[in-house]
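Reviewing the structure listed below.
The values are calculated or read from the model by the stated rules, or taken from the named source; none is laboratory data. These numbers were taken from a predicted model, which means no experiment stands behind them. Note that we place each Cβ from the backbone using ideal geometry, even for glycine, and neighbour counts take in every protein chain shown.
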Amino acid sequence: MASAIADVLGTMSHPTESDVRMRAWAEISLSNLERNLYQIKAALPKGLRYIAVVKADAYGHGLLPVAVRLMRSGADMFAVANIAEAAELREIAGDWPILVLGPVLPFEMKAAIDMNLILSLSSREECESLARLAGSVSKSVAVHLKIDTGMGRAGVWYEQAGELLEAVRAQPMLDLQGIYTHFSCADSDPQFTAEQRQRFQAIMNQYGLGQQPLWVHADNSAGLDSFTRGLPVNGVRVGLLQFGVRPHPFSLLAGLQVEPVFSFHTRVGLIKTLPAGTGISYGRSHILPRKTRVAVLTSGYADGVPTTLSNRGHVLIRGRLCPVLGRVTMDQTVVDLGAQEEVCVGDKATWIGTQQEAGIDLIAFARQAGQIPWEVLCSVSKRVQRVYRTDSAL
Ligand SMILES: Cc1ncc(COP(=O)(O)O)c(C=O)c1O
């Protein structure tokens, strides 16, 4: 494991600003990630277990470097979406507990058992196939029971949880280590979230699960807002907040000083002045009302710049906001330089992040693009190199 971690650290680049010779890149502040984790843990009751949600390549931040940092900063368990993500993580995570949140397909179960993963169970069918396979290889499998208290996605419907619990308990090769639920609208509907908590708690009470040494978890980032001491919950599953993004502006945890971990930059590739009446980009959806100095940026939707930013978005160049003109294309985007005479080819343009005193934060970027912050992070493509920083400057 130590050498696998050393390999990950060895492949990470830590260039200084002037060294970054890329057309589009994302800077990831591992120091901010670590500080955020400390802040979140400090705000929660002592002893609560921290399950770091690192699915989808750690929300686009890069699974391995993020996981290495989180392991060193006090995460107790990782949660991923599927077996492929778990396999990548297992390479560096030694015997660190890894929970697979999504359903495991029958043809993936053997690999999951071999990798000592913790699997989420939502149905009797899953329970029986897993138990059969575990029996055939004489290896017990750790499972968490997933309860659908109102998400309407994975998990056993809460009114049928008892039957599944019995089925799991009847299988000697299944080692029930945890139970959890997931909130559908913790960021928008506190009443329904309370109802979900109540349904979850009722199951815990009815089956005496609070007295057992299980991992019991329900809260995602937004759920933490209504986290209540005293419930038989002993863990949280946090994704977005650890990356420095609050799920909504009125968060009760708004007092937490989480810092952004992710910023997204590109370059000015070409500068030119076009006459009034020129149509910009495919479809000529923007016609220049006057003679205009424009910059052609070296990133587009293939890098993760949403096409919904066409004629709407902005970048920062030399600390000033420059509006997107016309349609965002696959590899290039045109912006209006206004009166900025000093801009040069090669200048950094920032889609998400700060320049001088100005900033475009992820929430504002997402709002402008008509997306959710999770989606923005996951859409920044592989073509965009991740640059890891261990200072806090973004
Ligand atoms: C089951 C489950 N738990 C926890 C999380 C983490 O949510 P968040 O990123 O809002 O903290 C997710 C994310 O989608 C999830 O699907």
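Answer yes or no as to whether Leu121 is assigned by TED's automatic domain parsing to the domain that holds Asp57, surrounded by 15 or more Cβ atoms within 10 Å (Cβ to Cβ) and either on the phi > 0 side of the Ramachandran plot or more than 14 Å from the ligand (Cβ to nearest atom) (or both). It is false that Leu121 is assigned by TED's automatic domain parsing to the domain that holds Asp57, surrounded by 15 or more Cβ atoms within 10 Å (Cβ to Cβ) and either on the phi > 0 side of the Ramachandran plot or more than 14 Å from the ligand (Cβ to nearest atom) (or both).
Here is a yes/no grid of residues against (1) surrounded by fewer than 20 Cβ atoms within 10 Å (Cβ to Cβ); (2) part of a helix (DSSP H, G or I); (3) within 11 Å of the ligand (Cβ to nearest atom); (4) aliphatic (A, V, I, L, M):
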position: Ala154; (1), (2), (3), (4): yes, no, yes, yes
position: Glu163; (1), (2), (3), (4): yes, yes, no, no
position: Tyr180; (1), (2), (3), (4): no, no, yes, no
position: Ser184; (1), (2), (3), (4): yes, no, yes, no
position: Gln196; (1), (2), (3), (4): no, yes, no, no
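Scanning the stretch 37-56 for residues that are part of a helix (DSSP H, G or I) and either farther than 13 Å from Leu240 by Cα or not assigned by TED's automatic domain parsing to the domain that holds Arg237 (or both) returns Tyr38, Gln39, Lys41, Ala42, Ala43. Any chance you could count how many residues in the stretch 80-92 are in contact (Cβ under 8 Å) with a residue 40 or more places away in the chain and surrounded by 21 or more Cβ atoms within 10 Å (Cβ to Cβ)? Qualifying residue count for the region: 1. Looking at Gly300, Gly283 in this structure, which one is outside the structural domain of Cys185 (by TED's automatic domain parsing), without any contact (Cβ under 8 Å) to a residue 60 or more places away in the chain and out of contact with any strand residue (DSSP E or B) (no Cβ under 9 Å at 6 or more places or on another chain)? Result of the check over Gly300, Gly283: Gly283.
Checking the structure you have, find out if any residue of the stretch 342-363 is within 16 Å of the ligand (Cβ to nearest atom), farther than 19 Å from Trp25 by Cβ and either among the hydrophobic types (A, V, I, L, M, F, W, C) or not assigned by TED's automatic domain parsing to the domain that holds Leu274 (or both). Yes.
Arg69 meets the stated requirement of being at pLDDT 95 or above and either in contact with a Cys (Cβ under 6 Å, 6 or more places away or on another chain) or surrounded by 15 or more Cβ atoms within 10 Å (Cβ to Cβ) (or both). Screening Met204 against (1) assigned by TED's automatic domain parsing to the domain that holds Thr333; (2) touching a helix residue (DSSP H, G or I) at 6+ places or on another chain (Cβ under 7 Å) leaves a single unmet condition, (1). Pairs are defined by a Cβ separation below 9 Å, a sequence spacing of at least 6 or placement on different chains, a first member in the stretch 248-265 that is closer than 19 Å to Arg35 by Cα, and a second member that is modelled with pLDDT under 70; the pairs so defined are Glu259/Ser392; Glu259/Leu394; Pro260/Leu394; Val261/Leu394; Phe262/Leu394; Ser263/Leu394.
Residues in the stretch 134-146 include none that are surrounded by fewer than 16 Cβ atoms within 10 Å (Cβ to Cβ), closer than 16 Å to Gln196 by Cβ and either within 16 Å of the ligand (Cβ to nearest atom) or at pLDDT below 95 (or both). If Ala339 satisfies all but one of (1) among the aliphatic types (A, V, I, L, M); (2) at pLDDT 95 or above; (3) away from the ligand (no atom under 16 Å from the Cβ), what's the number of the condition it fails? For Ala339, the exception is condition (2).
For Gly62, the stated conditions hold: it is in contact (Cβ under 8 Å) with a residue 24 or more places away in the chain and either touching a strand residue (DSSP E or B) at 6+ places or on another chain (Cβ under 6 Å) or closer than 13 Å to Leu377 by Cβ (or both).
Can you find a residue that is in contact (Cβ under 8 Å) with a residue 12 or more places away in the chain and within 20 Å of Leu105 (Cβ to Cβ) anywhere in the stretch 50-58? There is at least one residue in the stretch 50-58 that is in contact (Cβ under 8 Å) with a residue 12 or more places away in the chain and within 20 Å of Leu105 (Cβ to Cβ).
For the stretch 226-248, the condition of being under 16 Å from Pro373 (Cβ atoms), modelled with pLDDT under 80, out of contact with any Phe, Trp or Tyr (no Cβ under 7 Å at 6 or more places or on another chain) and more than 11 Å from the ligand (Cβ to nearest atom) holds for none of the residues.
Here Met22 meets the list (1) modelled with pLDDT of 90 or more; (2) in contact with a Leu (Cβ under 9 Å, 6 or more places away or on another chain) almost entirely, failing just condition (2).
Considering only residues of the stretch 201-222 that are out of contact with any Pro (no Cβ under 9 Å at 6 or more places or on another chain) and either in a helix (DSSP H, G or I) or among the basic types (Lys, Arg) (or both), which is nearest to the ligand (Cβ to nearest atom)? Only one residue tops the list, namely Ile203.
May I ask you to verify whether Leu99 is within 16 Å of the ligand (Cβ to nearest atom), over 17 Å from Lys55 (Cβ atoms), within 27 Å of the chain's Cα centre (by Cα) and surrounded by 15 or more Cβ atoms within 10 Å (Cβ to Cβ)? Here the answer is no, as Leu99 does not meet what is asked.
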